[in-house]
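The values are calculated or read from the model by the stated rules, or taken from the named source; none is laboratory data. In this text, all values refer to a predicted model and were calculated from it rather than measured experimentally. Virtual Cβ from ideal backbone geometry, glycine too; neighbours counted across all protein chains shown. All accessible areas refer to the heavy atoms of the entire protein, side chains included, with ligands and DNA or RNA removed. Shrake-Rupley method; radii C 1.70, N 1.55, O 1.52, S 1.80 Å.
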Amino acid sequence: MEEAVARPEARGRRGGGGGGEALKPVALGEVQAEAVARLSTGIGELDRVLGGGVVPGSLVLIGGSPGIGKSTLTTMALANLAAAGRRTLYVSAEESAAQIKLRAERLGSAAHALRIPTIAETDLAAVLATLERERPDVCVVDSVQTLHSAGLSGAPGSVGQVREVAGEIMRVAKTHAIAVLLVGHVTKEGALAGPRVLEHLVDCVLQFEGERERTYRTLRALKNRFGSTSEAGVFEMRQDGLVEVLDASARFVGEATRAPGSVVLAAMEGSRPLLVEVQALVAESDLEIPRRVVSGIDRNRLALVLAVLARHGGVGVGTSDVFVNVVGGVRVDEPGADLAIALAVASAARGVALTGSAGPDPDRTAEPPPLACFGELGLTGELRTVAHADRRIAESRKFGLTTVVTPEVGTLRAALRALRVERERSAERGRAVALR
Ligand code: TYD
Ligand code: MG
């Protein structure tokens, strides 16, 4: 499946002004595209998100909030590349060499990690000179916001500095075919001058997401000149580093509570289906403006879902506080999550647990499985189809979720009615009636 990618070229620029020399355009068919082999980072999920490994000479920006695991991930990648005989270099403008060593010692791949050539330096000129001399195959620069160009005014991390740092590193990297993993911090508010201003410059933008206190993290491509942007990987932060989670659906379904306010979302993480539990809590508020607290979903999305629920679903949460959480620290940023948010909130508001049908269980001893769902909510209360319905359903079935509420139900109200959530505070479990 490995497709050839063209080596990224340095796009040189001749002197400006009007006196430029006319160039002779070339038909694309005649362009010589030199195919290059990608370098495997030894981390399957990272390779997949990159489109099959690191492209030599490419610039990859890895963004994420502090503490999410960017340094851990990049150190692990370099350790594996070093173990595979590649020349590596770790540039830290953030931590001392001793701190980096302490991290490396914690990793499962510590033996290799400890052999990574490392410099702790914040001066851009020194870093560039080191790159020129060492010419590694792959280099990590941690982080773009803490390096500093003496030739420019402005504090490290300012827009001008960040542009200069990334631009200069790119120039050297393209000249010597050094692949660079550029780490960048994103604050929750996206306030810091950072990855945003670099997106057009770099070849790939990867976003590392999750809640710092929780174990699961997702890595996804926001931009990729050498691959798809629909790929995503799931990791777990353990004592000895990040571990790829290949059975994420099984874990999340296994941990799902089945209590009122809980529902399983059949999501898509890139081209892969992923089952995640969405939880909601609706509680009386003592505030004039009730709280709307989200984790793992977009706050505006919740506002929309609550409005549709009230207007078209007959479930108003008006003056109550509403909390919605995607369990495990996973982020789901897709319209297909709407229905899960709506059902979780309705289930919480009504105190009705949502579960699937018990299936062929004559003794009725086993607990009924959690209810799965997916679908986008339209502003008029209709359910809209989302991509990969079949794969979402198949994934749900695979993990024993007998009942999946899909957009085929038609409207949010129809879904709520079928699940018997419309009834007021019933102790009875709302069973889905053969929705699919
Ligand atoms: P880090 O990679 O330093 O995050 P970032 O570079 O994005 O700021 O690591 C984040 C957290 O992960 C840190 O608080 C400690 C924890 N951690 C582990 O739990 N296990 C480990 O093996 C390592 C290296 C870190
Ligand atoms: Mg770090």
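How many residues are of a type in the set (Val, Ile, Thr) and more than 14 Å from ligand 1 (Cβ to nearest atom) if we restrict to the range 43-65?
The number of residues fulfilling the criteria is 4.
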task: Please determine, by comparing only the residues of the range 66-89 that are in a loop (DSSP other than H, G, I, E, B) and touching a residue at least 12 places away in the same chain (Cβ under 8 Å), which one is farthest from ligand 1 (Cβ to nearest atom).
output: Arg87
task: Residue by residue through the range 220-250, note down the ones that are out of contact with any strand residue (DSSP E or B) (no Cβ under 7 Å at 6 or more places or on another chain) and open to solvent by 60 Å² or more (accessible area, probe 1.4 Å).
output: Arg238, Gln239, Asp240, Leu246, Asp247
message: Whether any residue in the range 278-285 is touching a Pro at 6+ places or on another chain (Cβ under 9 Å), in contact (Cβ under 8 Å) with a residue 24 or more places away in the chain and β-branched (Val, Ile, Thr) is what I want to check.
response: no
task: Only one of these is in contact (Cβ under 8 Å) with a residue 40 or more places away in the chain, open to solvent by less than 70 Å² (accessible area, probe 1.4 Å) and within 16 Å of ligand 1 (Cβ to nearest atom): Ile116, Ile100. Name it.
output: Ile116
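Just to be sure before I move on: is Gly157 open to solvent by less than 30 Å² (accessible area, probe 1.4 Å) and more than 29 Å from Glu132 (Cβ to Cβ) in the structure I sent?
no
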query: Can you pull out the residues in the range 378-418 that are closer than 14 Å to Ala340 by Cβ and assigned to a loop (DSSP other than H, G, I, E, B)?
result: Val386, Leu401, Thr403, Thr406
task: For Arg217, state whether it is basic (Lys, Arg), surrounded by 19 or more Cβ atoms within 10 Å (Cβ to Cβ) and within 16 Å of ligand 2 (Cβ to nearest atom).
output: yes
So Thr146, is it over 23 Å from Gly42 (Cβ atoms) and either within 16 Å of ligand 1 (Cβ to nearest atom) or modelled with pLDDT of 95 or more (or both): yes
task: Please work out which residue is farthest from the chain's Cα centre (by Cα), limiting yourself to the range 257-275 and to residues that are at negative phi and surrounded by fewer than 20 Cβ atoms within 10 Å (Cβ to Cβ).
output: Ala259
- line: Within the range 108-153, residues part of a helix (DSSP H, G or I) and within 18 Å of Gly57 (Cβ to Cβ) come out as Val127, Leu128, Thr130, Leu131, Glu132, Arg133, Glu134
